[in-house]
1. Condition first: farther than 13 Å from D120 by Cα and crowded, with 17+ Cβ neighbours inside 10 Å. Now tell me which residues in the range 79-88 satisfy that.
2. Which of the residues that make up the range 46-71 are touching a strand residue (DSSP E or B) at 6+ places or on another chain (Cβ under 9 Å) and either more than 15 Å from ligand 2 (Cβ to nearest atom) or open to solvent by 40 Å² or more (accessible area, probe 1.4 Å) (or both)?
3. Which of the residues belonging to the range 91-138 are more than 13 Å from ligand 1 (Cβ to nearest atom), among the β-branched types (V, I, T) and touching a Phe, Trp or Tyr at 6+ places or on another chain (Cβ under 7 Å)?
4. I need a count of the residues in the range 5-39 that are open to solvent by 40 Å² or more (accessible area, probe 1.4 Å) and assigned to a helix (DSSP H, G or I).
5. Which of (1) without any contact (Cβ under 8 Å) to a residue 12 or more places away in the chain; (2) in a loop (DSSP other than H, G, I, E, B) is the odd one out, the single condition D61 does not satisfy?
6. Determine which member of the set L77, L37 is within 16 Å of ligand 2 (Cβ to nearest atom) and touching a strand residue (DSSP E or B) at 6+ places or on another chain (Cβ under 7 Å).
7. Assess whether E88 counts as being within 13 Å of ligand 1 (Cβ to nearest atom) and over 13 Å from F7 (Cα atoms).
8. In the set R44, R57, R87, R69, which member is touching a Pro at 6+ places or on another chain (Cβ under 6 Å) and modelled with pLDDT of 95 or more?
Amino acid sequence: MITNQTFTMIKPNAVEKGHTGAIIDQIIKGGYKILALKYVWLSRKEAEKFYEIHKERPFFDELVSFMSRSPIVAIALEKENAIEAFREFIGATDPSKAEKGTIRAKYGESVGENAIHGSDSNENAQKEISFFFSGREIYV
Ligand code: IDP
Ligand code: MG
């Protein structure tokens, strides 16, 4: 099991507002190594597929509409204990509850438009990385 990799997306609201560079800078300065990176406009179908695990949640439709409204930046990352470390690094799902200085506290606008994604398990991280990148595109 790979435990030193995670997956992130800079979400549409943060890309739209021009925060891509600042967020990538914060991630690199936080000690994460970029293994792969891509600028992508997800179709509605692709967003539905990516968030399949949330399809029964009441906010699924809102989430899919949001994530497919404009481009995102998909990034595979490496760090020791990557999953837990990165979720702490980005802050709580609800930006108003995220610790000061975290990416979600700085750039999140609401619980839905919370600026950035972070994988929640090693298994999901590998699925999410494979969703966006072929083996050829990952520089481990
Ligand atoms: P996480 O991204 O912190 O792991 P999850 O509960 O897995 O949070 O939810 C996935 C994504 O769905 C969130 O990052 C957020 O964009 C969106 N979301 C979560 N809860 C709500 C909600 O109550 N309303 C709208 N969107 C939500
Ligand atoms: Mg989650």
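1. Across the range 79-88, the qualifying residue is only K79.
2. Selection gives E46, P71.
3. I129
4. Qualifying residue count for the region: 6.
5. Here D61 clears every test but (2).
6. Numbers: L37 fails: within 16 Å of ligand 2 (Cβ to nearest atom).
When all the criteria are applied, what remains is L77.
7. Working: within 13 Å of ligand 1 (Cβ to nearest atom): yes; over 13 Å from F7 (Cα atoms): yes.
Yes.
8. On the way: R44 fails: touching a Pro at 6+ places or on another chain (Cβ under 6 Å); R57 fails: touching a Pro at 6+ places or on another chain (Cβ under 6 Å); R87 fails: touching a Pro at 6+ places or on another chain (Cβ under 6 Å).
Testing whether each residue is touching a Pro at 6+ places or on another chain (Cβ under 6 Å) and modelled with pLDDT of 95 or more leaves just R69.
The values are calculated or read from the model by the stated rules, or taken from the named source; none is laboratory data. Just so it is clear, the structure is predicted and the values come from calculations on it, not from any experiment. Every residue, glycine as well, gets a Cβ built from its backbone with ideal geometry; the counts of neighbours run over all protein chains shown. Areas reflect the complete protein model, heavy atoms only, side chains present, ligands, DNA and RNA absent. Shrake-Rupley method; radii C 1.70, N 1.55, O 1.52, S 1.80 Å.
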